[in-house]
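Trainee: Take a look at the following structure, please.
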Amino acid sequence: MKNKRLKVREGRIELIVEHKGEDLTFVYPFVGPSTYLDCLSQLRERNLRGPTLGETVSLLYAAFNSSDKYSEEIKRIMKNNWFFGFTGSLYLPRGEGDYSNGVIIQDNPEIINGRVSMDKKSLVEKLELRDSSVRFVPFGYKTEEQTSEELSKNSFIIGLVGQEGAEKLAVISDKHSRGPYVWSFRQVNDELTRVSTLGSDGELDDYGLVVDGGSWDDYDGGGYAFGVLDKNAESE
């Protein structure tokens, strides 16, 4: 007999939501409060992947349409802190070519030397190959305070989370007492790499839903994240 050791597999709590017409499984408990980079590292240690911002929206959408204890906890985090979505933004200055004066958005950007890395050349190659994990949005979209209808049609929001995600965010927004707020650069002089968060401005109560596309990957302000269980792991 080769293996004499006891193998233990304890039950895990799975939160299953609909995303793009299919079931998507998040695993409870969450990680945080911590930085984007540390949350991602903790998820990987648990053999989970970080959800994209669009996937995170689907989790929050389900929570705001439910009243169980997990949904209530998710809403408390939204009010007092925020959730990371593992979607990065590379803001670009004016320049030559089709991809300038706007933002390249990428799901699950690479981590190199302990920082989020988004290389314009490689991202443009992905755009030209129509890689769905990468999108380009020119500047000119509305930022800061807006209505939920404007949010659902905002090209930056659609770039971040897709049309379905933008519509879900509008529904979430309408469950707040105040209108949504979008944080993004309007123009830049140099390339800037940032990450994404979702929260509610519960402390100041000036806005409701806050979509932030300009967070630092190492900002230690208290972000949270749920890990995603991939399908191949579900069948093990």
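No lab work stands behind these numbers, since they all come straight from the coordinates. Every value quoted in this text rests on a predicted model; they were computed, and no experiment measured them. Cβ coordinates were reconstructed from backbone atoms using ideal geometry, including for glycine residues, and neighbour counts include every protein chain displayed.
Trainee: Could you pull out the GluC sites (Glu not before Pro) across the stretch 81-156 that fall in loop regions by DSSP (anything but H, G, I, E, B) with no more than 13 other Cβ atoms inside 10 Å?
Mentor: Sparse-neighbourhood loop GluC sites (Glu not before Pro): Glu96.
Trainee: How high is the relative contact order of the chain, in percent, counting Cα pairs under 8 Å that sit 6 or more residues apart?
Mentor: Computed over the chain, the figure is 30 percent.
Trainee: Follow-up question, since we're still on this one. Lys69: which aspartates and glutamates have alpha carbons under 16 Å from its alpha carbon, excluding same-chain residues fewer than 8 sequence positions away?
Mentor: Cα-Cα hits under 16 Å: Glu14.
Trainee: How many percent of DSSP beta bridges within the chain run antiparallel, rounded to 5?
Mentor: 90 percent
Trainee: Using Cβ counts within 10 Å as a stand-in for footprinting exposure, how do Ser67, Ser148 rank, fewest first?
Mentor: Arranged by neighbour count, lowest to highest, Ser67, Ser148 become Ser67, Ser148.
Trainee: Measuring from the lowest to the highest alpha carbon on each principal axis, how far does the stretch 99-230 reach, largest first, in angstroms?
Mentor: Principal-axis extents of the stretch 99-230 (Cα, largest first): 43, 36, 30 Å.
Trainee: What length, rounded to one decimal in nm, is gained on full extension from Asp98 through to Lys69, with 0.36 nm per residue of separation minus their alpha-carbon distance?
Mentor: On the way: separation 29, 0.36 × 29 = 10.44 nm, distance 4.76 nm.
Here the answer is 5.7 nm.
Trainee: Which far-off residues, 5 or more places away or on another chain, put their amide H under 5 Å from the one on His19, with H placed in the peptide plane?
Mentor: Excluding prolines and chain starts, which carry no amide H, the hits are Leu24.
Trainee: If you don't mind, there's one more thing I want to ask. In square nanometres, what is the average projected area of the Cα convex hull of the stretch 13-234?
Mentor: Hull-based average projected area comes out at 11.9 nm².
Trainee: According to a simple spin-label model (label point 7 Å from Cα along Cα-to-Cβ), what is the distance in nm between Ile112 and Glu45?
Mentor: Placing both labels 7 Å beyond Cα along the Cβ direction yields 2.6 nm.
Trainee: Let me see the P(r) profile for the stretch 1-110: every Cα-Cα distance counted, bins of 10 Å, each bin given as a percent of all pairs.
Mentor: Pairs per bin, as whole percents: 11, 35, 28, 15, 8, 2, 1.
Trainee: Taking H placed 1.01 Å from N in the peptide plane, check which residues at least 5 places from Tyr219 or on another chain put their amide H under 5 Å from its amide H.
Mentor: Amide H to amide H, under 5 Å and 5 or more residues apart or across chains, Tyr219 pairs with Tyr36.
Trainee: Using 0.36 nm per residue, how much length does the chain from Asn189 to Glu128 gain when fully extended, once their Cα-Cα distance is taken away?
Mentor: Gain in length upon complete extension: 19.5 nm.
Trainee: Compute the length gained on full extension between Ile13 and Lys175: take 0.36 nm times their separation in residues and subtract their Cα-Cα distance, giving the result in nm to one decimal. Working shown, then result.
Mentor: Working: separation 162, 0.36 × 162 = 58.32 nm, distance 2.66 nm.
Result for the pair: 55.7 nm of gain on full extension.
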